[in-house]
Every structure is written in structure tokens, then in C-alpha cells.
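Worksheet: one structure, shown below.
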There are 6 protein chains.
Amino acid sequence: MIKKKIAIYPGTFDPITLGHINIVQKASEMFDEVVMAIAKDNYKETFFSLEERTQLCEEALIDIPNARAESFEGLVVDFAKKLGTNIMIRGLRAVSDFEYELQLALMNKKLSDEIETIFLVPRFDFLYLSSSMVRNIAAVGGDVETLVPKCVADALIQKRRGKGI
Amino acid sequence: MIKKKIAIYPGTFDPITLGHINIVQKASEMFDEVVMAIAKDNYKETFFSLEERTQLCEEALIDIPNARAESFEGLVVDFAKKLGTNIMIRGLRAVSDFEYELQLALMNKKLSDEIETIFLVPRFDFLYLSSSMVRNIAAVGGDVETLVPKCVADALIQKRRGKGI
Amino acid sequence: MIKKKIAIYPGTFDPITLGHINIVQKASEMFDEVVMAIAKDNYKETFFSLEERTQLCEEALIDIPNARAESFEGLVVDFAKKLGTNIMIRGLRAVSDFEYELQLALMNKKLSDEIETIFLVPRFDFLYLSSSMVRNIAAVGGDVETLVPKCVADALIQKRRGKGI
Amino acid sequence: MIKKKIAIYPGTFDPITLGHINIVQKASEMFDEVVMAIAKDNYKETFFSLEERTQLCEEALIDIPNARAESFEGLVVDFAKKLGTNIMIRGLRAVSDFEYELQLALMNKKLSDEIETIFLVPRFDFLYLSSSMVRNIAAVGGDVETLVPKCVADALIQKRRGKGI
Amino acid sequence: MIKKKIAIYPGTFDPITLGHINIVQKASEMFDEVVMAIAKDNYKETFFSLEERTQLCEEALIDIPNARAESFEGLVVDFAKKLGTNIMIRGLRAVSDFEYELQLALMNKKLSDEIETIFLVPRFDFLYLSSSMVRNIAAVGGDVETLVPKCVADALIQKRRGKGI
Amino acid sequence: MIKKKIAIYPGTFDPITLGHINIVQKASEMFDEVVMAIAKDNYKETFFSLEERTQLCEEALIDIPNARAESFEGLVVDFAKKLGTNIMIRGLRAVSDFEYELQLALMNKKLSDEIETIFLVPRFDFLYLSSSMVRNIAAVGGDVETLVPKCVADALIQKRRGKGI
């Protein structure tokens, strides 16, 4: 048991919410190191750029010493290998999440037999919180301060102003 | 019990279907007034414009005296407050509906503690009817007359001709 | 709109939980009167008898003036008719609830065309609370005081002692 | 029982996977003829064109003598009628599939009362395989050779090169 | 295509409903012969005995010439082999059905690699009809004549009288 | 990170299957120690007694050095505390599993704020394997050797003989 146990927590995090941070917090108490792995999105344009999303994660994790954020391209199983880990964390909130996650876990297993996905459930009041819901509320000028870290709330306001909405 | 009970029924209604009208009909028998609240869509382009969607709802509700349609921008909980109500109606047809609706209800509760969401199930034969399915069928020239009010069927034909499809 | 609007809230309530009371509270603000309709269970033995369940509901509703509890036998649609209402309340907590409830709503609709089922979601922290979970926790000596009204917590302790567990 | 039993298997097949081929294989043992019906997509741009998708299906079915691929426009129920069949095949992999499929089956039933949808489950290891997952993996340079027929794997590589990714 | 295609439709059928008959009807148009396979229940007592359930199925199928009912013990895959078929029919009504059915289909596949399960959806108005719901309604004296064949409605009344309920 | 990380894996395990063992195997690679916690069932009679279930688990875990089995009574959160851990393992196979598990995780969280539930998905071919399915197959004389460890297969045969089935 000498080898350090690293857990990778991949996602788009567009943007990171208090629910994501809660998952990192929990994982950071179970494993020696937690790496949020922010994915480049190849298909649909993200609201925040890869650089913005990574920087917001870094800022949001500042109080969790054994957690950090890193962006990646390509397959997540390859990035996990590069980090020297086979433990992948995913958050589960709802049944629809679960089915997609199961599909993903099985596909990753097929792509790399060693990978193990473990699922964590966020704290009760974050159970129904999602990045898209945050973007939707911010888009119509709603207050998201109880849903995201302060750096994200600020970034959303700035983005909105930039768009002249 | 002197205060008039108003129920707000928010949605995109792109376009309104016989299922939506059935929900309004039911709500109109339970509450003093029902207001369909047609949302401006900030993210994806809708098939019908906000004006078109609102007008089609108005036409479709003509036979329900205590129901009307109104478009809104911003958070639905703010629009509800403006109307002086805390009762929100949502239709439920399928499990996937339900999970999204639950998320929305909880988020709205977080945004405004007073709001109460009540769910109604449409009449049996409208249980699997959705606006997107109506658009899909119309797009390939299928007959939607048993699925939507006449004004919508006409609008879909006109839209299709306009596109020269 | 002169006729009083009564809502019937049927169930086994074995025993009534804070989640059920929360549903009654919400319904009592929407309708003129709410009647909890406690069903005689014809199939499986209940933990509390019909009399006990009814009495516990009555005690638990004491602070909601326009709500009361009444036991019934036979079809719930017939009991609704007897009360002169066609509005039935049901609580929704989870997807599995929903599917069963949808089936029930459609069946009741088939048995009596006039009946309308409306679904309410309990307060956030009661979302995952069920009578069976309460019974399970009480059975192993767990503390249920934050899950049920005081009269039910007392009744569970007494029942447990009576069994000499 | 003299009339030949034809089964139609409609979809976008963007691209065809080993899971789809497995479904065709099963259907081909139950019915006299199986026709993959490749739909023109009217809404969102597909990754492969209608012609490419149809050709890839044709190549992939080469070893199943009583199966073939054909593209179509318009309602699938009309295409089924044209082929002289009322039996439609759909693959089921997950709960979310099922709900959408049920909706589709009921809608098709409404559009054409004669149509019957039968659902088949693919082989165990293809249960969580989807066209979109294949496209996602290929987009980041992952190996899809165990997920799709060789002609599709080649086409995905070529497409990727063409895009200069 | 000389070999007769037999489809086996296994279940408890306690009792057979109009939904089950509708599934048999559909299957009888696709296959040369349909055999309802009524399972001995080893775990929980059924409402009707194996003999009663089988006889009620036989009576209910009288108008479908290529369908019949037969009781069986042991694994359904072994009974299918005995009948010389590998095609198993199952009805799907709801998401919860589907998940259990998928599990069963995969398990049967494990027990006998040749078996193929095909799923059929009953007619719209039978979508939410189940044997247990029929028993529940009958138990409280409700009218089940639109839910089951006449022979079952009669048997339910007789059973109820026999019990002196 | 000096404190040993223990994970508790509670359940009825009536009987333990290859799916359960697979979950323990995975957990044993992530944590320093894994304790299967076999619950006394207070409600329904189990097929195997608490002693039998515990002994079968012990035998089945013999090749995983840092895993062991222990029976418990009372709340699982109390047993976790006694073992000095707050990490609880649960296996997830299907959507219906997930919803129940989520409810349980939230309830345990309410009972003991420190407890953290992590979910693991078993190996692909054990995804649809359950104790009840094993019991069902064994009850009709089916072969369960590829589904459970040898000690369980033997115990099922012996049980069956004992019953004179």
C-alpha cells in the first residue's frame, strides 16, 4: 500500500459548480490525490473555453490541498494512464445520469481493462444542480451565488456583460 | 379563500399540442385562472418565434374562458411573482420528463421558496405526444391534424411551404 | 367558483411521515379542504392497523385546520365520489414512484372518467423518505424523530416494546 | 403463411455498429427478409451523409443473404407500406432507449394502425454500444475496431484525415 | 423457411388480461404458432392455481386458432427447447418492466445461448394494465369487465364469493 | 494518510454471487481493508440463515487477503462506526438499483452525517446477476455454477435436497 492512490475526476465542468466541488472534497478524503480532468469538447462549442474552465476549476479547488485541475485531450483512459492511475471518479445525481454513466464506464472498461469507475453522490442540496441549469439561470439574469463558487459567479456576470445581454 | 387562485403553466410550446391544451383544460377546472407562460428561448433557436408561439397558444385557448397565454423573459419564478401566484403547473408524460421536471421544481424552489409545482398527466391518448415529435412528423410531410389544434396544423404547413421544402 | 374544492389524498400511510404531512400542507394552501383517505389493505398485513393509522394521521394533522383523515374501504374513486370531489393528490419522490403512480392514475381514470390526479413533490429533505424506510430504521432501534411526527415516533417505540424486541 | 414476412429496421445508423449488425442477424433468423431503412435526417446534420451511411450498411450486411439496406425519406410507416410490411424492428439497450422507443412506437401506431414494432436486445457485449459513442471515441483518435465493422473503422479514419484533425 | 416458427410466451398470467391476449394476437400474426407457457410459481402463492390459470388462458385464446396455452415446470429455456423453438415473446409496458425483462433476457441467454427474446408493446389502452392491478380492483369489488376476458371476470367473482368476502 | 482505510460493504447476500465477489475484489484494490457486512433480516425470512450467509461469504472471500465477512444487527451506520470507518461500498447494476441505493445513501447520511457511500459497477457479465435470480434458477433445478462460487452452488443443491424438492 505504498503507492500513492490518485483518483481522476473527468468532465466538461462548463462551469464547475458547488456540486462538483463537493464530489472532489469527498474523494480527497478517500484518496491521496484527486485530479479534475477537464475535457476539450470536440463536438459542441462550450460556454467557457477550455482555458477558462480549467482556470475556474483551479481557483475553486484552492482550499483542497490534495486536489488540482488539469485539462486534457484524447481518451480519458489514456490521460488516466499518463497520470499513473486506474481510479476514475464520477458524480451521480439522477437516474438519467446513471444510465449514461454506466454506458461510459462500460465503454471505458472496453477501451482499457484496468480502469475502475467509482460513483459518488453529492451532498443533498446539490443533488439536482447541473452546469447547464447554472448557465440557464445566469442567462436570464438569475442569481447563481448559492450554486457555484464565487469565481464562477463573477465569470458568468462578466461573460453576460461581454455579450451585451 | 377570497384571493383568486392563479396557476401558471410555463413552457416553450414550440408548438402547442392537444396534450398541452388538455393540461390547461384540467387546470382550468381546479383553479380560478390559468396563464400559459411562453418562454423566450435563450439557447437554441426555436422552430416558431416567440410571437408565433404565443399567438398560436392564444388561438388554441379560445374556448377556455379562464385561460390565457402570455410570453415572458427571465426567470419563471419572477414571472409567477409578477402574476401574483405561487402555483406552477407542469405536464408529466414519461419517466424522462419526470426526472427533468423534478430537477426544475427543486431548482425553482431554491430560487424562490414560495413556488409550488404541481404535476398533471394528460389524457391517455396524448400521453406520448410532444412538440418535437409533431415537428418531426410535419417536417417529412406527415399529417398532424389529430395531434395539434387546427391553427398549428395550418402554421406548420405554411412554414413548410415558406421553406420551399 | 362557489363550490368548495376538496382534494383527496389516498394512501396506506403505514405510518404517516413528515413527507406526507408536507404534501398535505401544500395541498391545504391550494384547495379548500384536504382529506387524507387511509386505505384498508386487503393484501398484505400492515404494520399499524387501519384504526391506528387513521388515528396517527388525525393527530399529525391537528395544526392544519382544513385537513382531516378518514379511513375507507373499496375503490378510491368511489370514496372520492362519496366526498363529492374529483381531485386526487399523490406525492412524487422518485422515478419508481412516478411509474407506479402513472399506472394508478390511468387505471383510476378508466374506473372513473371524472377523476383527476395531481402530483406534488415534498420538501427537499423529505424527498427520499418513505414509510417502509421509517419502519426499517425503527425495527433496528434507530432514531426516527426527525422523520415522523412525535405521535408516530412514540407509537413505533411502544409497538417495539409490545413485541418485546 | 405463404406471404413472405419482411421486417423493416429503421434508423439513422450514423454509423452502423456491431450492435446494429447483431440485431439484423437475429431478425434475419426470424423473418424471411430484413430491410435496414436508413433515414434522411431533416434536423441536425449527420456525421456521414445519407449516401455514405447507406453504403456502409450495405457493405456491413454482405454476409447476411436475406438482409439489405435502403435509404428513405418521409414517414417510416409510409416506407414500410411501400415495402409491403407492417413489422418494424427496433433495438433496445437501455431504459432511456426504451422510453423514447415506446413513444415512437405509439406515435407510429397512431400514424398507421397496422404497424407493429418488435424490440430486440443486442448481444451482451454490444449492450452499451451506440453510434454517438463510436463517433466520440474516433474523434479523439481512439480505436473503434472492436465496435464497428471494418468498413466503418476505415471510413472514420478517412473522415478524420479529411478534416485534418 | 420450411420449419414452422413457434413463439413461446411465458408468464404467470395470474390472471390473463386483455393486454396479454393482445400480445398473443400480435405474435400470432408474425409467427406460425404461439404457445402461452404458464409457469408454476415456486416462491409465492398465486391467486389462481396453475390449473386454473392454464384453463383461463385456454378459454381466452379460443378465437386465435394458431395459439394455445400450456403449463410448465422448471426453466423456461428448457421448455422452449422441448417445444423446438428459440423465440420467446415478452410484453413491455413500462420502464420498470423493461429493466426486469432485460435482466431476464440476459440471464436466459446465459442459460441457453440460442434463446432470443423479442418484446412487444400491447395496444395503447392496455399499456398500464397488469394482473396485480386486476386482482386489486376485484378484491374491493370493482368492475374488471373491460380489463379481462369474460371467463376471468367470472372466475374473480366466484373466487370472491368462495372467500365469503 | 497513516490511518488504514477500511471500506464496509453491507448487504443481505442471500446468497453471495460472483457479482458481489467482483465488487469486493475491486474495492480491495482501492482500500486497505474490505469488510462484507451481512445484515440480519428483520422483515422477511431469508433463504439462507444469517450464519449460513456469513459462512458462505467467508469461504467465498478466501482468496482476497484484505477482505473478510462479518454479520451485524442494527443500523449499518452504527456498525460502520464500530469498525472505525465512514466509507460504505454498494454495487450498482441497474437503474432500479440506483434509485433505491440513492434513497438509502441519503437516509444513511441523515442517520450519520459522516458516512460516505461509493458505488461500484460489477464486471460486465455480472451486470444482470442478482441473488434472487440465482435462487429462482436453483429452485427449478437450473445450473448456477457460472453465477456463484462453488460453495454456494453446493449449498443450494443441499438445501434443495433437504427440502425434498
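Got a sec? Which of A:Ile118, A:Ile64, A:Ile38, A:Ile137 is closer than 24 Å to F:Phe124 by Cα and open to solvent by less than 20 Å² (accessible area, probe 1.4 Å)?
Values: A:Ile64 fails: closer than 24 Å to F:Phe124 by Cα; A:Ile38 fails: closer than 24 Å to F:Phe124 by Cα; A:Ile137 fails: closer than 24 Å to F:Phe124 by Cα.
Answer to the selection: A:Ile118.
In the set (1) over 16 Å from the mean Cα position of the chain (by Cα); (2) within 14 Å of chain F (Cβ to nearest Cβ), A:Ala138 fails one condition alone, (2).
This table checks each residue for (1) in a helix (DSSP H, G or I); (2) closer than 20 Å to A:Lys26 by Cα; (3) more than 9 Å from chain F (Cβ to nearest Cβ).
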| position | (1), (2), (3) |
| --- | --- |
| A:Gly74 | no, no, yes |
| A:Asp78 | yes, no, yes |
| A:Lys82 | yes, no, yes |
| A:Leu102 | yes, no, no |
| A:Lys110 | yes, no, no |
| A:Phe119 | no, yes, no |
| A:Asp125 | yes, yes, yes |
| A:Tyr128 | no, yes, yes |
| A:Ser132 | yes, no, yes |
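Determine whether A:Ile87 is under 30 Å from D:Phe126 (Cβ atoms), away from chain D (no Cβ under 14 Å) and open to solvent by less than 40 Å² (accessible area, probe 1.4 Å). Spelling it out, A:Ile87 is indeed under 30 Å from D:Phe126 (Cβ atoms), away from chain D (no Cβ under 14 Å) and open to solvent by less than 40 Å² (accessible area, probe 1.4 Å). Determine if the stretch C:58-70 includes at least one residue that is closer than 19 Å to C:Val144 by Cβ, assigned to a helix (DSSP H, G or I) and either within 14 Å of chain E (Cβ to nearest Cβ) or in contact (Cβ under 8 Å) with a residue 40 or more places away in the chain (or both). Yes: the stretch C:58-70 contains one or more residues that are closer than 19 Å to C:Val144 by Cβ, assigned to a helix (DSSP H, G or I) and either within 14 Å of chain E (Cβ to nearest Cβ) or in contact (Cβ under 8 Å) with a residue 40 or more places away in the chain (or both). Here is a check on your reading of the model: is E:Arg68 in contact with a helix residue (DSSP H, G or I) (Cβ under 8 Å, 6 or more places away or on another chain) and charged (D, E, K, R)? It is true that E:Arg68 is in contact with a helix residue (DSSP H, G or I) (Cβ under 8 Å, 6 or more places away or on another chain) and charged (D, E, K, R). Of the residues making up the stretch C:1-20, those that are open to solvent by 30 Å² or more (accessible area, probe 1.4 Å) and at pLDDT 95 or above number 2. The residue that is farthest from the other protein chains (Cβ to nearest Cβ), among those in the stretch D:21-47 that are over 16 Å from E:Lys5 (Cα atoms) and assigned to a helix (DSSP H, G or I), is D:Ile21.
Looking at the stretch D:143-162, I want the residues that are more than 14 Å from every other protein chain (Cβ to nearest Cβ) and have a partner that is in a loop (DSSP other than H, G, I, E, B) with Cβ atoms under 6 Å, at least 6 apart or on another chain. Which pairs are those? If the second residue must be in a loop (DSSP other than H, G, I, E, B), the pairs left are D:Val152/D:Pro15; D:Ala153/D:Val144; D:Ala153/D:Glu145. Restricted to the stretch B:75-84, and to residues there that are without any contact (Cβ under 8 Å) to a residue 40 or more places away in the chain and open to solvent by less than 30 Å² (accessible area, probe 1.4 Å), the residue that is farthest from B:Lys109 (Cα to Cα) is B:Leu75.
Looking at (1) open to solvent by 40 Å² or more (accessible area, probe 1.4 Å); (2) within 18 Å of E:Ile118 (Cβ to Cβ); (3) touching a Leu at 6+ places or on another chain (Cβ under 9 Å), which one does D:Lys110 not meet, given that it meets all the others? Of the numbered conditions (1) open to solvent by 40 Å² or more (accessible area, probe 1.4 Å); (2) within 18 Å of E:Ile118 (Cβ to Cβ); (3) touching a Leu at 6+ places or on another chain (Cβ under 9 Å), the odd one out for D:Lys110 is (2). Each residue in the stretch B:71-115 was checked for being within 25 Å of B:Glu145 (Cβ to Cβ) and modelled with pLDDT of 90 or more, and 1 of them qualify. For the stretch C:1-47, taking the residues that are of a type in the set (S, T, N, Q) and free of Cβ contacts under 8 Å to residues at least 60 places away in the same chain, the one that is nearest to E:Ala139 (Cα to Cα) is identified as C:Asn42. Examine the stretch A:142-161 for a residue that is under 21 Å from A:Ile8 (Cα atoms) and part of a helix (DSSP H, G or I), and state whether such a residue exists. No, there is no match, as no residue in the stretch A:142-161 is under 21 Å from A:Ile8 (Cα atoms) and part of a helix (DSSP H, G or I). Among the numbered conditions (1) under 23 Å from D:Ala7 (Cα atoms); (2) free of Cβ contacts under 8 Å to residues at least 60 places away in the same chain; (3) not polar (S, T, N, Q), the only one that E:Leu50 does not meet is (1). Among the residues of the stretch E:1-20, which ones are in a helix (DSSP H, G or I) and either among the polar types (S, T, N, Q) or under 19 Å from E:Thr46 (Cβ atoms) (or both)? Correct list: E:Gly19, E:His20. Restricting the search to the stretch C:27-49, which residues are at pLDDT 95 or above and under 13 Å from the mean Cα position of the chain (by Cα)? C:Ala27, C:Val34, C:Val35, C:Met36, C:Ala37, C:Ile38 - these are the residues of the stretch C:27-49 that are at pLDDT 95 or above and under 13 Å from the mean Cα position of the chain (by Cα).
The values are calculated or read from the model by the stated rules, or taken from the named source; none is laboratory data. For clarity, every value in this text was computed on a predicted model and none was experimentally measured. All Cβ positions, glycine included, derive from the backbone under ideal geometry; neighbour counts span all protein chains shown. Protein only, heavy atoms only, side chains kept; ligands, DNA and RNA dropped before computing areas. Shrake-Rupley method; radii C 1.70, N 1.55, O 1.52, S 1.80 Å.
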